[in-house]
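Computed from the coordinates by the stated procedures, all read-outs in this text should not be read as laboratory data. Here the structure is a predicted model, which is why all the values come from computation and not from measurement. Quick reminder, even Gly has a Cβ in these numbers, built from the backbone with ideal geometry, and neighbours come from all protein chains shown.
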């Protein structure tokens, strides 16, 4: 399928979804739907680096929280519209990804993974010590009473924004997969040495993947302060973002754009249901067990069941 | 005004003691990551498991935490054997295995942490032992026993492991297995069997490392994460798989962290390890004592 046709279809699907939720008009649907959409973006973003290029990023929470805290800063200093904040939050996350990648991506993939895990701890320390953004006490963000443009409750606007970002992220991931860039990434994943020897500019491609991945994660995090209205470092940098994202991508299947989408929808809905019916700690445990189970028994994910 | 000097001296001494403790929590990773090339990022979670078993033995049976850490060594060894068995069957020798192996251990880290939260809650837990409270004094220098005892236990643990590595056939085979499994096979040893022993040993060390962690500080389930950066920073800086390097790097990190905590405030200390890790990876990935 051509990219243009796919984008039109994805936009139509997004519009259809929004109209359906708008007709149901139940605030819970918007709140729950927002989280699922946010995880589609995160899993898709993670997959650009992790699935396509084979470099495991454990720092999802750090990139995500950087977007969120950029919004906190902009909210306190300016009165710019949310989409612009998202672009800036994404840009900062992307830049941090570039710096991290430049320092660690020349080494074995493991070192990059360990560095991302450590980076999350350090950025959390920085934010905890920075009183302007609330420090360890956290920060309250007052959500505007009604939505710009579409009217209605502000959560509808947040939902719509996240829906648009989801369409953008999924279309980009799909376009990348079938481009020269995507072929370069899979060459790196399958055999980096051979790729390098055949003239694939591996470091540059890995940096592009890290920046794109960080960009989308930061954009996904930017609306978070308005969604939660109270943000503190332990919740913004929660390890569960990283675990959920990796679990969703791996359970769905990492080699194509559709895997993370399937994984995020299934696990996202499962978690929403399990946190309401059982408990949120137990629902996290279920995700962890599913992750380990899939990695051992079905390493190609759900998508792998349908292809040989 | 001899106050800053006292402060400096105390910071360096407590940094050295802290470094000794860091060496104990890193030594398992030096074996599994440095020697066997198994990236066990769940290592801190097993250390916390060791802390909580020591806590249980201490609060229910009134056992000394370090003694209970020693008693539980075989149980942790068995746990290590079981995990390696799964790892070996599911990942070693399979394509794309390094990414899946990382995700596997990441999942284990998270499962252990969430399970500990479910069982023990998120309150800080601590142990009671005669050496938790008091300090020795030498002039203006304080030697808190809470740090001194773990320091000595750590050096004993690493000394024993060093003897095992250099004096026994299995120890030497362990050092060889990551470098050349084929040659090891020619010597009449099965690489998978040797790696199993090595990995199980690395998990066994978490029994003692966990026991001294809960002596050094009260624990709650999520603090394991703070140690991921430290452990790998020390392991990389120490030259991946060198015991002497691990001890030296641990002391350096301990001193730098202790100075940071004294002069800038303790909330900045976790950032130090990451700075060292990045510096090590950028400037000298082979580590302090590494061959390059």
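Quick rundown of the values:
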item	result
Nearest-0.05 FRET efficiency for residue B:267 and residue B:244, computed from C-beta distance (R0 41 Å)	0.80
Whole-Å semi-axes of the ellipsoid equivalent to chain A (Cα gyration tensor, √5λ, descending)	29, 23, 20
Listed residues B:152, B:186, B:116, most fluctuating in chain B (Gaussian network, C-alpha, under 10 Å)	B:186
Theoretical ellipticity at 222 nm over chain B - DSSP helices of four or more residues, -39500 (n - 2.57) apiece, nearest 500	-24000 deg cm²/dmol
0 to 90° range, to nearest 10: angle between helix A:154-177 axis and chain A longest Cα axis	10 degrees
Inter-label distance, nm, simple model (7 Å from Cα along the C-beta direction), residue A:23/residue B:135	7.2 nm
Label-point gap, in nm, between residue B:142 and residue A:102 - each point 7 angstrom along Cα→Cβ	4.4 nm
Residue A:193/residue B:160 FRET efficiency (R0 51 Å; Cβ-Cβ; nearest 0.05)	0.80
P(r) of the protein assembly as shown over all Cα-Cα pairs, binned every 10 Å from zero, in whole percent	3, 16, 27, 26, 17, 8, 2, 0
Per-bin percent of Cα-Cα distances, segment A:122-207 [5 Å]	3, 11, 12, 9, 8, 12, 14, 12, 11, 6, 3, 0
Taking the C-alpha atoms of segment A:235-308, convex hull volume expressed per residue in Å³	87 Å³
Spin-label model distance (nm) - residue B:82 vs residue B:175, 7 Å beyond Cα toward Cβ	3.3 nm
Length added when fully stretched, residue A:15-residue A:126, from 0.36 nm per residue minus Cα-Cα	36.0 nm
For segment B:208-269, fraction of C-alpha pairs farther apart than 16 Å, in %	56 percent
Cα-based helix-to-principal-axis angle, B:269-283 vs chain B, degrees rounded to 10	50 degrees
Top of A:226, A:52, A:183 by mean-square fluctuation, Gaussian network on chain A, Cα under 10 Å	A:183
Segment B:3-225: radius of gyration over Cα atoms, expressed as a fraction of 2.2 N^0.38 Å	1.10
Over chain A: helical MRE at 222 nm, DSSP H runs n ≥ 4 each giving -39500 (n - 2.57), nearest 500	-25000 deg cm²/dmol
For chain A, built as a Gaussian network whose Cα springs stay under 10 Å, the top-fluctuating residue of A:161, A:286, A:127	A:286
Cα-based helix-to-principal-axis angle, A:202-221 vs chain A, degrees rounded to 10	20 degrees
Nearest-0.05 FRET efficiency for residue A:273 and residue B:56, computed from C-beta distance (R0 45 Å)	0.85
Tail beyond 25 Å, pair distance distribution of segment A:1-120 (Cα, percent)	42 percent
Chain lengthening between residue A:183 and residue A:150 when straightened (0.36 nm per residue, less Cα-Cα)	7.8 nm
